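Visitor: Take a look at this one; I'll ask things after.
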Amino acid sequence: MSGQPSTRERILDIALDLFSERGYDKTSLRDIAERLGTTKAALYYHFARKEDILLELHLRLHEIGYDVLTQLDGLRDAQAYVEAWPRLMDEFIDRVSANRDLVVLHLRNVHALEQIGADERHQAENEDLMERFARVFANPEIPLADRVRMACSLGAVIAGLIDAGKRFGDAEPAELIELVRASVHDMLRPAQAASEPVPAPSL
């Protein structure tokens, strides 16, 4: 029946639940297979190692980043980039919020995620994603002040949510998401307001 998740996606969803509930280190392939209702041998058909499952889950965040870039691909005017960016960052955060279990995964399994950092596929996708964003920020037709604010806002989402476990591992995901959103909104204030001098404190 169409519309149902594939076995591969069901494995990933179950693994995400278990990694978030128990932790990556305390979850075995057998645990995943049992919750799926299959054998460990059948699981090997889709994933040979537990690390491969973790990598696929992490790359779901890359997919969200690529979706943002796809929307940028349709823009040709520098002003359109500037005007669209706050909406795109909100959508980025909304998508991450809708996949809150991914935030929990990154908050609670920092050491395990560090181990997949050297994976060739991960490195290639990460470099490609960052390079594509960098080309936007390097566009000389976009005013420098806007490019800096755009780059800083993206950095806030990455540092505040995707790499959050290294910094905010004790945070509640819902609160963290909204704090990151507020920080991004602060960064993306209109350029004129952002450039206004801060009044000197009264003596």
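The values are calculated or read from the model by the stated rules, or taken from the named source; none is laboratory data. Nothing here was measured: the structure is a model prediction, and the numbers come from that model. Virtual Cβ from ideal backbone geometry, glycine too; neighbours counted across all protein chains shown.
Visitor: Which of the residues that make up the range 124-159 are β-branched (Val, Ile, Thr), part of a helix (DSSP H, G or I) and over 15 Å from the mean Cα position of the chain (by Cα)?
Guide: Of everything in the range 124-159, those that are β-branched (Val, Ile, Thr), part of a helix (DSSP H, G or I) and over 15 Å from the mean Cα position of the chain (by Cα) turn out to be Val136, Val148.
Visitor: Same structure, new question: Anything in the range 97-110 that is more than 14 Å from Glu172 (Cα to Cα) and in contact (Cβ under 8 Å) with a residue 60 or more places away in the chain? List them, or say none.
Guide: Asn109 - this is the single residue of the range 97-110 that is more than 14 Å from Glu172 (Cα to Cα) and in contact (Cβ under 8 Å) with a residue 60 or more places away in the chain.
Visitor: Considering every residue within the range 93-100, establish whether at least one is assigned by TED's automatic domain parsing to the domain that holds Ile162 and farther than 30 Å from Asp146 by Cβ.
Guide: Yes, the range 93-100 contains at least one residue that is assigned by TED's automatic domain parsing to the domain that holds Ile162 and farther than 30 Å from Asp146 by Cβ.
Visitor: Looking at (1) under 15 Å from the mean Cα position of the chain (by Cα); (2) more than 28 Å from Glu178 (Cβ to Cβ); (3) at pLDDT below 85, can you tell me which one Leu55 breaks?
Guide: Failed condition: (3).
Visitor: Here are the criteria: (1) in a helix (DSSP H, G or I); (2) surrounded by fewer than 15 Cβ atoms within 10 Å (Cβ to Cβ); (3) free of Cβ contacts under 8 Å to residues at least 40 places away in the same chain. Tell me which single one Gly117 does not satisfy.
Guide: Looking at each condition in turn, Gly117 falls short on (1).
Visitor: With respect to Glu83, is the statement that it is in a helix (DSSP H, G or I), in the same structural domain as Glu172 (by TED's automatic domain parsing), free of Cβ contacts under 8 Å to residues at least 24 places away in the same chain and surrounded by 12 or more Cβ atoms within 10 Å (Cβ to Cβ) true?
Guide: Answer is yes for this residue.
Visitor: Check the range 26-40 and report whether any residue there is under 20 Å from Ile158 (Cβ atoms) and crowded, with 18+ Cβ neighbours inside 10 Å.
Guide: Among the residues of the range 26-40, not one is under 20 Å from Ile158 (Cβ atoms) and crowded, with 18+ Cβ neighbours inside 10 Å, which makes the answer no.
Visitor: Among the residues of the range 154-168 satisfying the criterion of being aliphatic (A, V, I, L, M) and in contact (Cβ under 8 Å) with a residue 60 or more places away in the chain, which is nearest to Ile116 (Cα to Cα)?
Guide: The selected residue is Ile162.
Visitor: So, one more: For the range 169-184, what are the residues that are without any contact (Cβ under 8 Å) to a residue 40 or more places away in the chain and either of a type in the set (A, V, I, L, M) or in a helix (DSSP H, G or I) (or both)?
Guide: The answer is Glu175, Glu178, Leu179, Ala182, Ser183.
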